[in-house]
Structures are given as C-alpha cells and as structure tokens.
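Let me begin by presenting the structure, written as structure tokens, before commenting on it.
What follows is calculated from the coordinates using simple rules that are stated; it is not laboratory data. Fair warning: this is a prediction, and the values are worked out from it, not measured in the lab. Note that we place each Cβ from the backbone using ideal geometry, even for glycine, and neighbour counts take in every protein chain shown.
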Amino acid sequence: MGSSPAFPITPYNAYSYVVNHFNLVNSKKQVKKTIILTKKTLRLVKVLHSQGVINHFLIHKNVSLGVPAYYITFSPLFYKSIPFFRSVRLVTTPSRKHTVSLSALRLVVPSVRSSVILLSTSRGIIPHTEALALKIGGLILCILD
C-alpha cells in the first residue's frame, strides 16, 4: 500500500473519498485498504459495516516524523472471492446535492429492489428502510448495489 505521508492530506469530500476507495479495493479484489480517518469517513465506514458492505475495519495511529496521523483499514465483504456488493454509487457530490422527501422516498423504494439507499438525515447516516420507519427524508449519499 506504500508509505504514509508525514502530513496526511484530508479529503475534500469525505464521502466520495470513502466510496472511491471502496470501489477501487472491490474491483481489484484486494484484501484491505487504508484511508485517512476523519469524523465523516468514520461515520460512513461504520454504516457500511452495519449494512454488510465492509467485513471489518480497524482504526490505527501512525507516527511519522513525530506527527501522529490516524487511519482506518477496512476490508470489503467477499463471498467465494466474489464481492458481495458490486459497487457503491455516489449520488450527492460537492457541487450537486440530492435531497428526498418522505413521499418521494416512498415512490422510489419499489424501484430499488435489493439495493440500499444511504441517507444523511437529522438522525445521522441511515439506510432508506430505517428512514421510512422513522418517517423522515434526507440527503441521498450513495446507493449500495
């Protein structure tokens, strides 16, 4: 995976950073990937872990040149060397926000079938099924295929 920089560069958009690294490790069928730890990356990794996209993750500290830097190492879930989830598609980008109301979410749910929509709501990052149970809408972050 290479050496870590002395001063890690924090990602501009934490959600796209995690999704892109997940898709890279998933397509190359790598065992694990290390990314920079921020509050947003940790939140998304925890939700991906609870949804079964990520098998396990580990938070660790790397001290290089006397400056501590924190990282998350995660591994995607594979079943017989085939990724369980094909991809994670990012919907909301820094330039375009996609929000969905409760009524619009109810209309969209039948068309997603086995996919999972992750929403950023006032209750945190939750899947669409939980948002329907709580009767709230939110910002669509990504879709798990």
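The table for this structure:
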read-out: Residues being over 26 Å from residue 121 (Cβ atoms), surrounded by fewer than 12 Cβ atoms within 10 Å (Cβ to Cβ) and out of contact with any strand residue (DSSP E or B) (no Cβ under 7 Å at 6 or more places or on another chain) - total across segment 30-76; value: 4
read-out: Checking residue 124 against (1) over 18 Å from the mean Cα position of the chain (by Cα); (2) closer than 19 Å to residue 41 by Cβ; (3) small (Gly, Ala, Ser), the condition it does not meet; value: (1)
read-out: Output for segment 110-129, where each listed residue is part of a helix (DSSP H, G or I) and either surrounded by 15 or more Cβ atoms within 10 Å (Cβ to Cβ) or touching a residue at least 40 places away in the same chain (Cβ under 8 Å) (or both); value: 128
read-out: Positions within segment 62-95 being under 18 Å from residue 39 (Cβ atoms) and without any contact (Cβ under 8 Å) to a residue 40 or more places away in the chain, in sequence order; value: 68, 70, 72
read-out: Subset of segment 95-109 that is of a type in the set (D, E, K, R) and in a loop (DSSP other than H, G, I, E, B) - its residue that is surrounded by the fewest Cβ atoms within 10 Å (Cβ to Cβ); value: 96
